[in-house]
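Colleague: Quick one: the structure is below, questions incoming.
The values are calculated or read from the model by the stated rules, or taken from the named source; none is laboratory data. None of the values given here were measured: they were computed from a predicted structure. Neighbour counts run over all protein chains shown; Cβ positions are idealised from the backbone, glycine included. In case anyone asks, the SASA skips ligands and DNA or RNA and just uses the protein heavy atoms, side chains included. Shrake-Rupley method; radii C 1.70, N 1.55, O 1.52, S 1.80 Å.
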Amino acid sequence: MKTILVTGGAGFIGSNFIRYVLERTGFNGKIVNLDKLTYAGNPENLADIQKKYKGRYVFVKGDICGYDTVLGLLKKHGITTVAHFAAESHVDRSIFGPKDFIETNIHGTFSLLEAARTFWAGRRDVRFHHVSTDEVYGSLGKTGKFKETTPYDPRSPYSASKASSDHLVRAYGHTYGLPVTISNCSNNYGPYHFPEKLIPLAILNALEGRPLPVYGDGLQVRDWLYVEDHCAAIWRIINKGRAGETYNVGGACEMKNIDVVKGICRALERAVPARRNKALNGKAYADLITYVKDRAGHDRRYAIDFSKIKKELGWQPYVRFGAGLGKTVDWYLANPEWVKNVKTGEYRKWLTKNYTR
Ligand code: NAD
Ligand code: DAU
């Protein structure tokens with residue numbers, strides 16, 4: 001029976017992953033979620049899971065940079081898989097203050113690798129999986145896609161820190177024989193996405209009749225993937241992927257930012273017609289679109305070639321963008337408490353009530 005240490009499981013993708021594994025895969029082992037609960041970590045994301053899987057889901061508030069904490073958890077729970085999501089993840093924040101990105105993404109990954117190497121001591125029946133990003137490859141021109149062999153060319157403090165952690169993971173695989181895998185994935189969207197990122201920010205701003213900020217000319221391209229498809233890819237890599245390998249994961253869904261925002265306006269119009277939304281004061285959702293100053297060093301285009309994972313592991317994305325966006329809009333509309341708590345920081349009170357620190 002596997003016992004999985006998920007790092008950063010209170011964040012967007014990590015919480016979706018824990019839910020996916022426990023509810024959708026037939027997995028019957030235990031998951032330990034180690035999360036520092038930064039501004040982006042929210043245990044409310046898994047409140048129902050905590051109740052439903054008592055004994056099989058354990059939450060631990062802690063920092064991945066703490067080698068002793070991590071080693072202690074590996075020993076205490078007999079961890080056989082590490083699924084490493086914990087990171088500072090927002091590019092804009094990395095531009096304004098890179099320090100935490102260097103700490104968590106580089107030093108944190110190093111401390112996890114060291115603890116895993118010590119505890120597993122040469123075992124091969126274990127797995128260290130690093131959840132990484134397509135941003136390590138840099139920016140594409142009008143054509144081409146990122147392959148696993150594309151040279152690294154990170155261009156923001158965030159992507160440089162993730163590139164650095166990828167190199168460390170690979171080095172531990174090569175030098176110490178640690179059974180590692182890496183996935184480099186494109187932009188995710190879906191439930192529990194923190195509303196500093198484009199899609200949830202635009203959904204919630206639009207509902208409140210606030211501006212929808214589009215950076216620069218809005219013609220930058222991202223390759224969007226519904227978060228559950230990403231979780232399925234990670235699960236498959238952990239279970240079937242070859243140790244030492246990297247797998248690119250993408251949505252086959254290249255879209256210009258401006259078209260994403262217009263798509264959100266259309267999805268909202270279907271769910272909550274603007275004429276019935278008092279916050280809009282007679283405006284259409286699209287009237288809220290506002291071009292603002294560009295992100296410094298803004299990467300122009302990302303696109304993923306996921307033929308390797310498709311061929312080797314039979315994975316491909318299933319959720320089309322229109323359907324995924326519809327589900328995402330519906331989720332935010334159905335969870336006003338979550339939204340309110342995240343926006344007002346109320347979940348921090350919930351946290352103090354439910355966990356002793
Ligand atoms: P997120 O910001 O929503 O969540 C990050 C989680 O990590 C939070 O719960 C936070 O509390 C926790 N954390 C941060 N520092 C920590 C530390 N020092 N110790 C323990 N926990 C800590 O991020 P996300 O969007 O869910 O991304 C998860 C991972 O996936 C990241 O590694 C990111 O680089 C990668 N990724 C994200 C995307 C995307 O589109 N969001 C795409 C590809 C890869
Ligand atoms: O590609 C994978 C990456 O996707 C992950 O590694 C990161 O963790 C994740 O945050 C995401 O990075 P992006 O910078 O692409 O995501 P974000 O949602 O911040 O921005 C998406 C695009 O929209 C980007 O080109 C910047 C633009 N943007 C963003 C915001 C927040 C806007 O035009 N306006 C905005 O207000």
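Colleague: Roughly how big is segment 203-305's charge dipole about its Cα centre, with Cβ charges of +1 (Lys, Arg) and -1 (Asp, Glu), in debye to the nearest 20?
Modeller: Approximately 380 debye in magnitude.
Colleague: Separate question: Please report the Cα spread of the chain along all three principal axes, rounded to whole Å, starting with the longest.
Modeller: That works out to 65, 50, 38 Å along the principal axes.
Colleague: For a test of the definition: using alpha carbon positions, the gyration tensor, and the 1.5 limit on a/c, classify segment 1-113 as rounded, prolate or oblate.
Modeller: The shape class here is oblate.
Colleague: Of the peptides 273-280, 257-264, how do they stack up when ordered by the mean number of other Cβ atoms within 10 Å, highest first?
Modeller: Top of the packing list down: 257-264, 273-280.
Colleague: Also, quick follow-up: Would you mind checking Lys51/Lys343; Lys147/Lys293; Lys162/Lys343 for any pair whose Cα atoms are more than 29 angstrom apart?
Modeller: Lys147/Lys293
Colleague: Go through Lys54/Lys76; Lys2/Lys54; Lys197/Lys283; Lys30/Lys76; Lys36/Lys349 and tell me which ones have a Cα-Cα distance over 20 Å in this structure.
Modeller: Lys197/Lys283
Colleague: Per residue, how many Å² of accessible area does segment 109-192 show with a 1.4 Å probe?
Modeller: Spelled out: the 1.4 Å probe surface of segment 109-192, per residue, equals 39 Å².
Colleague: Let's test the formula: R0 of 51 Å, r as the Cβ-Cβ distance of Thr69 and Asp92. What FRET efficiency results, to the nearest 0.05?
Modeller: Efficiency computed from Cβ-Cβ geometry: 0.95.
Colleague: Ranked from highest to lowest mean number of other Cβ atoms within 10 Å per residue, what is the order of the peptides 21-28, 76-83?
Modeller: Highest to lowest by the protection proxy: 76-83, 21-28.
Colleague: Separate question: Tally the DSSP beta bridges in the chain and give the antiparallel ones as a percent, rounded to 5.
Modeller: Given both bridge residues lie in the chain, the antiparallel proportion sits at roughly 10 percent.
Colleague: Show me 329-338, 98-107 ranked by packing, highest mean number of other Cβ atoms within 10 Å first.
Modeller: So the peptides 329-338, 98-107, ranked by packing, come out 98-107, 329-338.
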